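What follows is calculated from the coordinates using simple rules that are stated; it is not laboratory data. No experiment lies behind these values; they were computed from the predicted model shown. All Cβ positions, even for glycine, are placed from backbone atoms using ideal geometry, and neighbour counts span all protein chains on display.
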Amino acid sequence: MSIALASRFARRELRGGLRGFRIFLACLALGVAAIAAVGTVRASIEAGLAREGAALLGGDAELELTYRFASEQERAWMAQNAEQVSEVADFRSMAVVGDERGLTQVKAVDTFYPLIGEVGLEPALPIALALGEQSVLPGAVMERVLKDRLGLEIGGVFKLGTQEFRLTAVLVDEPDGAGGGFGLGPRIIVLRDALKGSGLLESGTLFSSKYRLRLPENSNLDALSKEADEAFAQSGLRWRDGRNGAPGVAQFVDRLGAFLVLVGLSGLAVGGVGVSAAVNSYLKGKTSVIATLRTLGAERAVIFQTYFIQIGVLSLLGIAIGLALGAAAPLALAPLITERLPIPAAFAIYPKPLFEAAVYGVFTALIFTTWPLSRTENIRAATLFRDAGQSGARLPAVRYIIATAALVAALLALASWFSGTTFLTLWTAGGIMGALVLLVLAAHLIRFVARKIAPWARGRASLRWALGSISGPREEAVSVVLSLGLGLSVLAAVGQIDGNLRGAIARDLPSVAPSYFFVDIQKDQMPSYLERLNNEPAVSRIDSAPMLRGIITQINGKPASEIAGDHWVLEGDRGITYSTELPDNTRLLDGTWWAPDYAGPPLVSFAAEEAEEMNIALGDTVTVNILGRDFTATVSSFREVDFSTAGIGFIMSMNPSALSGAPHSFISTVYATPESEARILRDLSTTFPNITAIRVGDAIERVASVLAGLAAAVSYGAAATLLTGFLVLIGASAAGEQARTFEAAILRTLGATRRSILTSFALRAAILGGCAGAVALGAGILGGWAVSTFIMETSYEVIWSNALTIVLGGILATMLSGLAFAWRPLTVRPAQILRSQE
Amino acid sequence: MTAILSLKDATLSLDGNAGRVDILHGISLDVEKGRSLALVGPSGSGKSSLLMLMGGLERLSGGTITALGQDLTAMNEDALARFRRASMGIVFQSFHLIPTMTALENVATPLELAGDKDAFAKAEVELETVGLSHRISHYPSQMSGGEQQRVALARAMVVRPQILLADEPTGNLDETNGNAIMELLFELQARDGATLVLVTHSNALASRCDSVIRLRENRIDESQT
């Protein structure tokens, strides 16, 4: 009964139109739109990856091995289960044209490549033709960036190892390009047969081999995957299939998308502040209506429901607008986004992200409106006679506090479920709530300080009015600091973290990092390699170590993941070395190093920090699969391994007799003066054409550019938060316009000039904006320091350019919104205002 | 005669910015069924506050108040609201019509709250009684002050209240409109046999009531019948 009646009353009230609700709608719509748009882009990429899964993989399924080709037994299993098998070897090498050298990621294929999809070439040639023999030399295709770097033209000749190739076309579309993960160099594709005699892909060389399978129709992928795992998992063979053709990319997109949605939630939280303020302001205007209804006999439930329904309808409208915008924006921008994405995306309207955004919108609206709505219960009929509307307790009834807490808990649970990471959700939520509390405290502090210092401003009228209005009974300070502060805080934190991280990589790392990494140095090449470098005066240090790669399969005889969970060391293969002596710059933290002549059962020295994380203790056994063979070693010591200097660092080092018989190559780092780097590279790669040089500076640039992209993505999320904050700010300024108009009318009556009033408005805005910026900066610096110190483990320093931008941005935004609403107070004639107040 | 409204040693104090303020002190009075009572006195003497206490709009700080035999001090806010919509009509100086509702909807609201299925038909009749049948779909902002007060009067009377409380109903009207409203008020009171409590500054209006209570400095200064 009361619901029906409340619905009727609500409908009548809503006939008054949406005046006063524009900011409410905009805040909710923008927050929901940001989340819906991020979710839609994520869903589009996921759909694209799923649709193109087989093409991205290069087959219906793929079996991958690390630096060995498949055994007879493995090949037999593939031949038995697949209609066709294509073999691809993937490795790094140096492409050489005269004196020019470029690091490249080589894909050595067979004539079946690609099993699925088509290679895009310029000029348009079939791949078989492009890789076939061209005027005596085997053909090759490469990415344009490498072609330009080497100054090569179509028809030109370049070398890989000792083998010459003729460039036949530019590689513009590699169908299985996204599935391979992060490569350090541009791609070259050649036939594997053409590499015979190149000196590359020799025993011990670092490469991975991939076997793409075309499966019979209706093959049971689950059963095949299980069979392959059971038969070959212990030999390091890994199965993937077209259902998840690019798992690394899919996981990255999923994680980044989840994080951006959480950043979007902070925007919605700011929007919630605006929503709450708008509802408060609306209900203030409805005080006499509510009191009248109370006088006429309306119970509290009817009143609450009447306004709950109104706000509910408006919330749904705001959410609907947000969903429409969030779904439409990615569709409209699809061509632009597709062009910039290296992976396929199928842009469409996806219900799941829209549902997710709608749920977030509904919960935010409920959380931020329940509190002000509950106050309708405190409005008594006596308000019609005297200002008793907000008399009584400022806190709402306990049931509303419990309901709000329950809604927050439900929202967090949902966000954890949607994002798939409770840890990140709770930290983000904690950050948002912490920042909100900090901002409210800061706003009250600025009011307190303004009240205390106001007497000092006597004689400076504009400043005194500004301080007076900040410390006065109106809640403008809280609205301004809260609305702008959260967006600025996120932006400041991103700026500080990004600046420090990039600083650590691009500025600090080169001073301690080697100039080059050389890989694939054959054992018999090592003496002459070291001799050449020792005779080079510009070289200050050379580190080298034998390197094998293997996958940890067991710890203490149990599957490794049972003991160490999903630790990163277990993800894929890891470098392993051996050494007679404890290397000079290595510190043993526990246990003992083996004797130089030790020839007993295999022993391993493990990186201390990782061992602790993986629950590995001294005396435990670790089984590593190297080249398809299991090596079980007992952990005899823990070492300190510092990965932050980009030097050589191995998680595992074994005693020589355990590994030296296995085929392997050497890895070496060379520290040299920057001006000698090119000369050293030329000399070494001419003398040893098979070895690959990775310039650390290039790798750092590559990593830095990926980080820059990530920081940009997060900054866009923060910008949406900031825009919402700006809207809330405009709402706060609009809400205060009437009071400012009256204030200005009185001041002008008393003889104040418009200039002095405008100065006072500007000062007020600047103080509040500066305060919001300063708090955001504090939060940003704290966040930056915490992430740098505890997560990245790098040194931290304040990025002052970012800090200054944040504070100035806060001041500018507040002044803009404040002064936009200064026009009416300054232009309306005082008599007009004062008469209307009588 | 039976007292329909009865106050015993009623006291009202409110917390203000300057501390606790005594609004009414030691008020005892009885209003008999079907009679009219005028509350007069200088501004700030507590006339409107006394009216609020009678309507259950304000809580007593001390003493008791009964209306239609029910102890208003024992009722919670919702019980008071239900009591008002069943038995009381209140008219304000500032009309207090709901701006988003038409005249008809304003008048029908108390009946709707009471769950009356014929709310709109009865409201239409009541508007006709106050001479506003041509204004039923107009909003308050589209009507003159006199018309708005007629709507407010119709809204107060549509539930056929046993008690009618009026707080300076002509205070915001010119003399002609004020006189017309008062005529209507007494006419409707007589029609329904309601008990009327009228707050007014006008001695002429007060003299039309069966009894007059003069307040001064928060107490009853004089009572005339």
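Below is a table of values for the structure above.
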| item | result |
| --- | --- |
| Shielding of B:76-85 by partner chains, average beta-carbon count, 10 Å | 5 |
| Inter-site label distance for A:Thr753 and B:Ala121 at 7 Å from Cα along Cβ, in nm | 7.2 nm |
| Fraction of the pair-distance distribution of region A:539-672 above 17 Å, Cα-Cα pairs, percent | 56 percent |
| Choice from B:Glu187, B:Glu147, B:Glu124 showing the highest fluctuation, given a GNM over chain B with Cα pairs closer than 10 Å | B:Glu187 |
| At R0 = 56 Å, FRET efficiency that the Cβ-Cβ distance of A:Glu230 and A:Val145 yields, to 0.05 | 0.85 |
| All-pairs alpha carbon distance profile, the protein assembly as shown, 10 Å steps from 0, percent | 2, 9, 14, 16, 15, 12, 9, 8, 7, 6, 4, 1, 0, 0 |
| Between region A:324-347 and region A:718-768, the alpha-carbon center distance in angstrom | 40 Å |
| Estimated [θ] at 222 nm from DSSP helical runs (n ≥ 4, -39500 (n - 2.57)) normalised by residues in chain B, nearest 500 | -10500 deg cm²/dmol |
| Helix B:77-87 axis, angle to chain B major axis (alpha carbon atoms, nearest 10°) | 60 degrees |
| Ellipsoid equivalent to region B:181-222 - semi-axes via the Cα gyration tensor, in Å | 23, 11, 8 |
| FRET efficiency, 1/(1 + (r/R0)^6) with R0 60 Å, evaluated for A:Leu414 and A:Leu826 via beta carbons | 0.80 |
| Gain in span if fully extended, A:Ala461 to A:Ile154, counting 0.36 nm per residue against the direct Cα distance | 102.9 nm |
| Ranking of B:Ile220, A:Ile319 by count of other Cβ atoms within 10 Å, fewest first | B:Ile220, A:Ile319 |
| Tilt relative to chain A, helix A:72-81 - C-alpha long axis, 0 to 90 degrees, to 10 | 60 degrees |
| Cα-based radius of gyration of region A:61-218 once divided by 2.2 N^0.38 Å, which approximates compact folds | 1.02 |
| Computed label-point distance, nm, for sites B:Asp15 and A:Ala786 using a 7 Å Cα→Cβ extension | 3.7 nm |
| Beta bridge orientation in the protein assembly as shown: antiparallel %, DSSP, nearest 5 | 75 percent |
| Cα-based shape type of region A:3-108, given that a ≥ b ≥ c are square roots of the gyration tensor eigenvalues and the cut on a/c is 1.5 | oblate |
| Estimated inter-spin distance, A:Ile3 and A:Trp568, nm [label 7 Å along Cα→Cβ] | 5.2 nm |
| Karplus 3J(HN,Hα) series, Hz, for region A:803-820 with 6.51 cos²θ - 1.76 cosθ + 1.60 (x for Gly, Pro) | 4, 5, 4, 5, 5, 5, x, x, 5, 4, 4, 5, 5, 4, 5, x, 6, 4 |
| Peptide B:87-97, shielding by other chains (average Cβ, 10 Å cutoff) | 3 |
| On Cα atoms only, tilt of A:2-14 relative to the major axis of chain A in degrees | 90 degrees |
| For B:Ser36, distant residues with modelled amide H under 5 Å away | B:Leu196, B:Asp210, B:Ser211 |
| Ranked A:Phe742, A:Phe423, A:Phe21, criterion: other C-beta atoms within 10 Å, fewest first | A:Phe423, A:Phe742, A:Phe21 |
